[in-house]
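Have a look at the structure below, then the notes.
The values are calculated or read from the model by the stated rules, or taken from the named source; none is laboratory data. This is a predicted model, so every value here is computed, not measured. Every residue, glycine as well, gets a Cβ built from its backbone with ideal geometry; the counts of neighbours run over all protein chains shown.
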Amino acid sequence: MTRLLDIQNVSLAFRQRTGLFSPPNLIPAVRSASLHVDAGEVVAVVGESGSGKSTLAKMVLRLLTPDTGTIAIDGKPAQSLGPREFARLVQPVFQDPYSSINPKRTLAEIIQTPLKIAGGVSARECEERARDLFERVGLPMRLFHSYPNQISGGQRQRVAIARALILRPKLLVCDEPTSALDVSVQAQILELFNELKQDFGLTYLFISHNLAVVERIADRIAVMYRGEIVEQGATDAFFAAPTHPYSKMLLSSVLPPIPGRPLPTVSRVFELNTPRGSQP
Ligand code: ADP
Ligand code: MG
């Protein structure tokens with residue numbers, strides 16, 4: 001089995017300036033996180049807003065550089081890969097396709113851009129591959145020369161997915177790719193991710209705050225809490241018996257609340273599960 005992504009002890013703190021002469025505040029966004037994804041796997045990272053999921057994804061995508069730790073992609077240190085080599089291995093799908101695709105370009109142009117930049121393919125083949133993908137992600141061909149503002153949010157996410165696939169990458173890093181969509185559209189896009197995984201032999205690092213979403217797509221789940229990965233395991237095992245108190249809370253919050261009883265909070269769960277006197 002190929003280890004496509006290997007994240008080891010990665011940390012990153014943001015520096016926040018408080019004043020001209022005072023030292024910057026350090027916000028530890030990711031703390032010594034280790035996680036791997038083997039070829040063909042779907043590994044989900046879950047956790048509440050602010051837990052460090054996007055920061056971790058951005059480090060994998062080389063949009064941020066870790067303070068410490070290592071990230072290897074397909075067996076090579078991520079920072080040693082040239083931009084073209086990297087683009088052929090790893091592609092992103094973000095939450096909001098509208099901000100990640102250029103509104104002034106037609107859908108046809110948007111999808112072809114990565115391939116044009118990578119080069120080595122004729123204009124004709126470039127367009128052919130874009131047309132094939134356009135259909136494959138479920139977009140009607142009559143929209144091929146439309147602009148992003150002429151299509152729906154779900155369709156825009158399909159465009160972003162087609163663009164991510166045109167270089168035939170091995171790994172997709174998806175950061176909340178369905179979170180901005182209506183529930184029914186969410187289900188369709190998730191189904192598309194599942195189909196494409198089979199058809200293209202893809203591997204996903206799939207970030208979501210939504211456990212109902214990850215249950216439908218992930219083989220394994222990693223739970224982030226305050227910048228740390230506090231639990232990892234097979235999806236079935238996780239849903240059957242989460243071990244970390246925060247995971248239990250996450251899971252209990254997807255179940256319908258009991259009338260008359262307050263929803264659990266992080267601090268309450270820690271109170272219930274941590275021995276007196278010790279810090280969570
Ligand atoms: P998530 O994706 O799980 O919601 P993020 O990775 O976006 O979490 O954020 C983790 C922490 O880092 C949060 O406390 C957030 O406020 C902080 N953070 C994220 N991006 C920046 C930034 N560019 N500058 C300063 N702090 C940031
Ligand atoms: Mg995020």
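With the condition being out of contact with any helix residue (DSSP H, G or I) (no Cβ under 7 Å at 6 or more places or on another chain) and more than 16 Å from ligand 1 (Cβ to nearest atom), I'd like the helices (runs of 4 or more DSSP H) fully within region 1-110 carrying at least 1 qualifying residues. So that I can check it myself, show each step before the final result.
Numbers: elements: 53-60, 83-89, 97-100.
Answer list for region 1-110: 83-89.
Summed over region 210-242, the residues that are touching a helix residue (DSSP H, G or I) at 6+ places or on another chain (Cβ under 8 Å), more than 18 Å from VAL60 (Cβ to Cβ), within 16 Å of ligand 1 (Cβ to nearest atom) and outside any helix (DSSP H, G or I) give a count of 3.
Quick check on ILE111: is it crowded, with 21+ Cβ neighbours inside 10 Å, under 17 Å from the mean Cα position of the chain (by Cα) and closer than 26 Å to SER54 by Cα?
So ILE111 fails the test.
Selection over region 44-79 of residues that are at pLDDT 95 or above, surrounded by fewer than 18 Cβ atoms within 10 Å (Cβ to Cβ) and either β-branched (Val, Ile, Thr) or near ligand 2 (Cβ under 10 Å from one of its atoms) (or both) gives a count of 3.
Hey, can you tell me all the residues within region 164-209 that are in a loop (DSSP other than H, G, I, E, B), within 16 Å of ligand 2 (Cβ to nearest atom) and not β-branched (Val, Ile, Thr)? Please lay out each step first, then the result.
To start, the set of residues in region 164-209 that are in a loop (DSSP other than H, G, I, E, B) comprises 166-170, 176-182, 201-202, 208-209.
Now narrow it down to the ones that are within 16 Å of ligand 2 (Cβ to nearest atom): 176-181, 208-209.
Within region 164-209, GLU176, PRO177, SER179, ALA180, LEU181, SER208, HIS209 qualify.
With respect to (1) out of contact with any Ser or Thr (no Cβ under 7 Å at 6 or more places or on another chain); (2) modelled with pLDDT of 95 or more; (3) away from ligand 2 (no atom under 16 Å from the Cβ); (4) closer than 13 Å to LYS170 by Cα, the lone exception for ALA39 is condition (1).
Return the only residue of LEU211, LEU181, LEU205 being closer than 26 Å to ALA72 by Cα and of a type outside the set (Val, Ile, Thr).
LEU205
ARG216 meets the conditions (1) crowded, with 22+ Cβ neighbours inside 10 Å; (2) more than 13 Å from the chain's Cα centre (by Cα); (3) more than 15 Å from ligand 2 (Cβ to nearest atom) in every case but one. The failed one is (1).
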